[in-house]
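Notes follow once the structure below has been shown.
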Amino acid sequence: MTNLVKELRDVAKRAVELAKKSGADDAEVTVRDGTELTAKVRLGQPELVQEAGSRALGLRVFKDRRTAITYTSDMRDDALDAFVRETVRLAELSEPDDLNRLPEADQLATEFPELDLFDDKSLSIDAAEALSRAKRGEKAALDHDDRVTNSEGATFSRTAGTSVFANSAGFIGDYSGTYAALYVEPICDDEDDKKRNGYWWTAGRFLDMLDEPEAVGKEAARRTVARLGARKIETCEVPVVFDPEVGRSIVGTVFSVSNGSAMYRKSTYLLGREGTEVASGLITISDQPLIARAPGSRPFDGDGLATRKNVIINAGVLETVLCDTYSARKLGRKSTGSAGRSVGGSPGPITSNLIMQPGDISRDELIARTKEGFYVTTMMGFGFNAVTGDYSRGAAGFWIQDGEITYPVSEVTVSANFDTLLKNIDLVADDLDLRATTRCPTFRVSSMTVAGR
């Protein structure tokens, strides 16, 4: 790994130097090297084994307040030289923008915290072991209940990668990470020849963070069987409880309307509402990139700035808008260290570990305190207008009656204005889901429209 990092850093520094020699005022370079392995089984038989490696370099050059962004996978000396020269020529053809320049030198990261993101053990997982884990997960699902009659399969995957970022202001930084996941999706036969599928998964930076395949398969089967006999309900206005598996999309939507790009483009209903109440006082949402071993952690952002914890909503009040350098300049403020970019793309604001703070009651108590309502475990489609806040999605889950989960529900739609939805969150559980980059516990919205038959 040490040799790989040195090699990538040398390539990044050389590309920056070539850009300056070719006439660029400044330059930024991202170099990424990664490997991935995916193995899928269905009904106990291998269906896919795929292993690949990739390496790419992305270059952004600045000249006379003009910019160009290009990328390549050919890093041989002659090819890189020609690639850089061509990128500088492309910049000369673009429209000028006074904000197209590097971050101020004193804003660039100078210290890089150790976040423990790389698991050497994960690299020992070969195709045979990946298939074995997938088979174990699927078999556990098929054996758990006779009503599980089929399967969409089980997939085990692992990835490892190293990223280096450098610019002509003297910044250079790198970090490496791994990630592994197992996903199991069984199928049940329901009435009228309907098929009901469910799923469960486990994931983490380190292999020892993953649940055993058998546990994943059994949970996937339990969730699938629970959907048998699902029915429609009459259209009504009731409390709606969001399982963490679907609640994450609500938290992610909060970011989509509270970032610098949405603000300067005026494409958010939260425009001009910083410092005001935008959600229930129970809601605190923060972006935390410095959590050890977390899936979204990183020591610096896509502009080379140090990352830090940013509280977006604090006890219901919109406190921080996540910005990269460019969107911050458009808004007349400073970056929050939240820039992200693909190898061949422009930087923009992104999240790292976006976390909704848990409450102090259990999930079971939250359900027990719901006399009647709808517990959402699956959502599909996406109907959201960021400017008006209108929100509507297809949903499935379970009906709550007298504080207990009763029968499964499907083919309904939940809707509300998103501003009202956030303000009407009246119960938050303590079961924070730690598997994904966007994390949340179970929570309840006091009233939403559930459209059925």
Residue ID - nearest to THR420 (Cα to Cα), chosen from residues in the stretch 271-297 that are out of contact with any Ser or Thr (no Cβ under 6 Å at 6 or more places or on another chain), crowded, with 21+ Cβ neighbours inside 10 Å and not small (Gly, Ala, Ser) = VAL278
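Do the conditions hold for GLU372, that is, is it closer than 29 Å to VAL225 by Cα, among the acidic types (Asp, Glu), in contact with a helix residue (DSSP H, G or I) (Cβ under 9 Å, 6 or more places away or on another chain) and surrounded by fewer than 22 Cβ atoms within 10 Å (Cβ to Cβ)?
Numbers: closer than 29 Å to VAL225 by Cα: yes; among the acidic types (Asp, Glu): yes; in contact with a helix residue (DSSP H, G or I) (Cβ under 9 Å, 6 or more places away or on another chain): no; surrounded by fewer than 22 Cβ atoms within 10 Å (Cβ to Cβ): yes.
So GLU372 does not fit the description; no.
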key: Meets criteria (among the charged types (D, E, K, R), assigned to a helix (DSSP H, G or I) and surrounded by 14 or more Cβ atoms within 10 Å (Cβ to Cβ)) for ASP106   = no
remark   = When restricted to ASP64, ASP106, the only residue under 18 Å from PHE165 (Cβ atoms), without any contact (Cβ under 8 Å) to a residue 40 or more places away in the chain and assigned by TED's automatic domain parsing to the domain that holds SER124 is ASP106
query = Out of all the residues in the stretch 60-81, is one or more under 30 Å from GLY217 (Cα atoms) and touching a Gly at 6+ places or on another chain (Cβ under 7 Å)?
reply = no
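Please enumerate the residues belonging to the stretch 159-198 that are assigned to a strand (DSSP E or B), within 20 Å of ALA220 (Cα to Cα) and of a type in the set (D, E, K, R). If you could, list the steps in order and put the result at the bottom.
Applying the first criterion (assigned to a strand (DSSP E or B)) to the stretch 159-198 yields 159-167, 172-189, 195-197.
Within this subset, residues satisfying the condition of being within 20 Å of ALA220 (Cα to Cα) are 180-189, 195-197.
GLU185, ASP189, LYS195, ARG196 - these are the residues of the stretch 159-198 that are assigned to a strand (DSSP E or B), within 20 Å of ALA220 (Cα to Cα) and of a type in the set (D, E, K, R).
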inquiry  = So, MET356, is that one at pLDDT below 95 and either within 20 Å of GLU245 (Cβ to Cβ) or of a type in the set (Phe, Trp, Tyr) (or both) or not?
reply    = no
request  = Give me the pairs, please: first residue somewhere in the stretch 160-178 and in contact (Cβ under 8 Å) with a residue 12 or more places away in the chain, second residue anywhere and part of a loop (DSSP other than H, G, I, E, B) and of a type in the set (Asp, Glu), beta-carbon distance under 7 Å, and either six or more positions apart or on two chains.
outcome  = THR178/ASP119
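Any idea which residue in the stretch 400-422 is farthest from SER280 (Cα to Cα), counting only those that are polar (S, T, N, Q) and modelled with pLDDT of 95 or more?
Applying the first criterion (polar (S, T, N, Q)) to the stretch 400-422 yields 401, 406, 410, 413, 415, 417, 420.
Narrowing further to those that are modelled with pLDDT of 95 or more: 401, 406, 413, 415, 417, 420.
Numbers: GLN401: 25, THR406: 28, THR413: 23, SER415: 18, ASN417: 14, THR420: 9 Å.
Restricting to residues being polar (S, T, N, Q) and modelled with pLDDT of 95 or more, the top hit is THR406.
Let me confirm something: among VAL251, VAL278, which residue is more than 30 Å from ALA105 (Cβ to Cβ), in contact (Cβ under 8 Å) with a residue 12 or more places away in the chain and under 18 Å from the mean Cα position of the chain (by Cα)?
Numbers: VAL278 fails: under 18 Å from the mean Cα position of the chain (by Cα).
Selected residue: VAL251, the only one of VAL251, VAL278 that is more than 30 Å from ALA105 (Cβ to Cβ), in contact (Cβ under 8 Å) with a residue 12 or more places away in the chain and under 18 Å from the mean Cα position of the chain (by Cα).
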task = List the number of the failed condition for LEU123; all other conditions in (1) at pLDDT below 95; (2) in a loop (DSSP other than H, G, I, E, B); (3) within 25 Å of the chain's Cα centre (by Cα) hold.
result = (2)
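The values are calculated or read from the model by the stated rules, or taken from the named source; none is laboratory data. Nothing here was measured: the structure is a model prediction, and the numbers come from that model. Neighbour counts run over all protein chains shown; Cβ positions are idealised from the backbone, glycine included.
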